[in-house]
Amino acid sequence: QVQLVESGGGLVQPGGSLRLSCAASGSIFSRVAMGWYRQAPGEQRELVAQITRGGGTVYADSVKGRFTISRDSAKDTVTVYLQMNNLKPEDTAVFYCNTVPAVLRSGGNIYWGQGTQVTVSS
């Protein structure tokens, strides 16, 4: 059984920082690339950062230079972090972690955790 639990979101002023964490339980997560996605109100969910098993990273242009993704692996749990600096109001969204691509299914739908809300506002 797999589980994704995101945490670390909150309200922050423009220019501030947050560190998101994702506990990914299940042996599959140690074998695949992981990523952070976000979904702003009225928008499609987008992939903003990804990290391979070997630690290679790719970022969306909108977050490059401001966000840093990292991962730690234990026996059956991978923890994925997203350090977010110099946050902007347009970063406001619910953030989710998942495999890249997101392929795990629950019933007929892609499985997502509950996400963590990030709000950037003065």
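The values are calculated or read from the model by the stated rules, or taken from the named source; none is laboratory data. Because the structure is predicted, anything quoted here is derived from the model rather than measured. All Cβ positions, glycine included, derive from the backbone under ideal geometry; neighbour counts span all protein chains shown. Ligands, DNA and RNA are stripped out before the accessible areas are found, and what is left, the full protein with its side chains, is counted by its heavy atoms. Shrake-Rupley method; radii C 1.70, N 1.55, O 1.52, S 1.80 Å.
Summary table
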{"quantity": "Boolean, Arg38 is touching a Leu at 6+ places or on another chain (Cβ under 9 Å), part of a strand (DSSP E or B) and farther than 16 Å from Val5 by Cβ", "calculated": "yes"}
{"quantity": "Hits in the stretch 82-98 - residues which are touching an Asp or Glu at 6+ places or on another chain (Cβ under 8 Å) and either closer than 15 Å to Leu4 by Cα or aromatic (Phe, Trp, Tyr) (or both)", "calculated": "Phe95, Tyr96, Cys97"}
{"quantity": "Among the residues listed as Gly42, Gly55, Gly113, the single one being at positive phi and in contact (Cβ under 8 Å) with a residue 12 or more places away in the chain", "calculated": "Gly55"}
{"quantity": "Counted residues, the stretch 22-60 - those being more than 11 Å from the chain's Cα centre (by Cα), over 19 Å from Ile110 (Cα atoms) and hydrophobic (A, V, I, L, M, F, W, C)", "calculated": "2"}
{"quantity": "Unique residue being under 19 Å from Gln13 (Cα atoms) and open to solvent by 40 Å² or more (accessible area, probe 1.4 Å) when the list is Gln44, Gln117, Gln50", "calculated": "Gln117"}
{"quantity": "Residue in the stretch 1-35 that is most open to solvent (accessible area, probe 1.4 Å), counting only those that are more than 22 Å from Thr77 (Cα to Cα) and outside any strand (DSSP E or B)", "calculated": "Gln13"}
{"quantity": "Residue satisfying all of: in the stretch 59-76; of a type outside the set (D, E, K, R) and in a loop (DSSP other than H, G, I, E, B); surrounded by the most Cβ atoms within 10 Å (Cβ to Cβ) among these", "calculated": "Val63"}
